[in-house]
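Participant: The structure is given below, and queries will be raised subsequently.
Each value in this text was obtained by applying a stated rule to the coordinates, not by laboratory testing. Every value quoted in this text rests on a predicted model; they were computed, and no experiment measured them. No Cβ is skipped: glycine too gets one built from the backbone with ideal geometry, and neighbour counts run over all protein chains shown.
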Amino acid sequence: MAVAEKPTIATVKLGNLAVSRFIIGGNPFSGFGHQDEKLDQEMMSYYTVDRIKETYHQAEKLGVTTCIARTDKHIVRLMREYRDEGETIQWIGQTAGEYGPAATGARIAIANGAKACFVHGGVADHLYHQGDMSEVKEAIDRLHDAGLPAGMAGHQPVVFEWAEEHLNCDFYMCSYYNPSSREKNPLHVTQDERFHPEDREKMAACIKKLSKPVIHYKVLAAGRNNPKDALTFVANTMRKTDAVCVGIFTKHRTNEIAEDIAYLKEGLKAVGQEG
């Protein structure tokens, strides 16, 4: 009997690192639902360590090679357990603001097996508006010194326009939405978050001008957008160098990963790209 081939997903390069064009996001695993406190708590209760590892395992069976998650103690231990059990998904670290400067998050990523790392978008937005991005540069330099691809996330086109001129990133994490102002507080506040369609249009236009690979994120508007419509928009926005990061909450959509990958592949095929 012939053995069925494992599904594959096309890859792109972040510096010297090849990643699947569909990447599993970590916000739901850490209880960041971007809707309300009730959803945050529901995610925290549902996503036990075993369920997160099972989600990663399911993703790998579907051809996903890469995940994004925070550089906090919860994720560090989780990824260590997952690797020790023989699994191979690549971890891209997101700096965690509660641990201090972004360079600290970079150090944690380096020490604990991350294959790349980026500065948290809220932190980058905040530092830009404070007029001092030295903390971002320090984190990127530390990652490069360790041989890891380094990136920066953000929620506003102006932050990436600045980065193009002043930073040496290997990739960017571009949020389709700017839910809340980070001028005074780098951390997100769930209450009164806004997901405006015009934000998505502005970021899509910005992405087309950027010189580095982009990971598109918050593409589902934290569950507000229809997945097929949202991922079709992503496919029409992604350049051949780009990937997409999607947060997964399988409690309510059991086949969510497979469905979302199919929507992305279908959309990319329609525009002549490999998915």
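Participant: Which percent, nearest 5, of DSSP beta bridges in the chain are antiparallel?
Facilitator: 15
Participant: A follow-up question, please. From the phi angles alone, apply the Karplus equation (6.51, -1.76, 1.60; θ = phi - 60°) to region 15-29 and give each ³J(HN,Hα) in whole Hz, x where the residue is Gly or Pro.
Facilitator: Along region 15-29, the couplings run x, 9, 9, 8, 10, 5, 5, 10, 10, 7, x, x, 4, x, 5 Hz.
Participant: If you don't mind, there's one more thing I want to ask. Once you list every other residue whose beta carbon is under 15 Å from the beta carbon of residue 99, what net charge do they have if Lys and Arg are +1 and Asp and Glu are -1?
Facilitator: In short, +1.
Participant: For the chain, which span is the longest to avoid every loop-located (per DSSP) member of trypsin sites (Lys or Arg not before Pro) having at most 14 other Cβ atoms inside 10 Å?
Facilitator: Longest stretch, sites excluded: 1-183.
Participant: Further question on the same structure: Looking at region 68-169, which GluC sites (Glu not before Pro) are DSSP coil and have at most 14 other C-beta atoms within 10 Å of their C-beta?
Facilitator: Those that pass, being in a loop and sparsely packed, are 85, 87.
Participant: For region 51-123, just say rounded, prolate or oblate: build the C-alpha gyration tensor, square-root its eigenvalues into a ≥ b ≥ c, call rounded for a/c under 1.5, and beyond that prolate if a/b exceeds b/c, oblate if not.
Facilitator: Verdict is prolate for region 51-123.
Participant: Also: Determine one quarter of the surface area of the Cα convex hull of region 19-269, which equals its mean projected area, and express it in nm² to one decimal.
Facilitator: 12.0
Participant: Then there's this: Quick one: compute the contact order of the chain, relative version, from alpha carbon pairs under 8 angstrom and 6+ residues apart, as a percent. The partial results should precede the final answer.
Facilitator: Details: 503 pairs, mean separation 50.8, N = 275.
The normalised contact order for the chain reaches 18 percent.
Participant: Residues with beta-carbon under 14 Å from that of residue 239, excluding residue 239: net charge, scoring Lys, Arg +1 and Asp, Glu -1?
Facilitator: +4
Participant: For the pairs 61/212; 61/251; 6/115, flag any whose C-alpha to C-alpha distance is greater than 27 Å.
Facilitator: 61/212
Participant: Take the Cα pairs of region 139-275, get the Kirkwood Rh, then feed it into Stokes-Einstein at 37 °C and 0.692 mPa s and tell me D in µm²/s.
Facilitator: Diffusion coefficient, whole number: 206 µm²/s.
Participant: Helix-only mean residue ellipticity at 222 nm, the chain, DSSP H runs n ≥ 4 weighted -39,500 (n - 2.57), per residue, nearest 500. What is it?
Facilitator: Helix-only estimate at 222 nm: -12500 deg cm²/dmol.
Participant: Hey, another quick one. Go through region 247-253 residue by residue and turn each phi into a ³J(HN,Hα) via Karplus (6.51, -1.76, 1.60, θ = phi - 60°); whole Hz please, and just put x for glycine and proline.
Facilitator: x, 10, 10, 6, 4, 9, 10
Participant: In addition: Starting from the amide H of residue 243, placed 1.01 Å from N in the peptide plane, find each other amide H under 5 Å away whose residue is 5 or more places distant or on another chain.
Facilitator: 214, 215, 216
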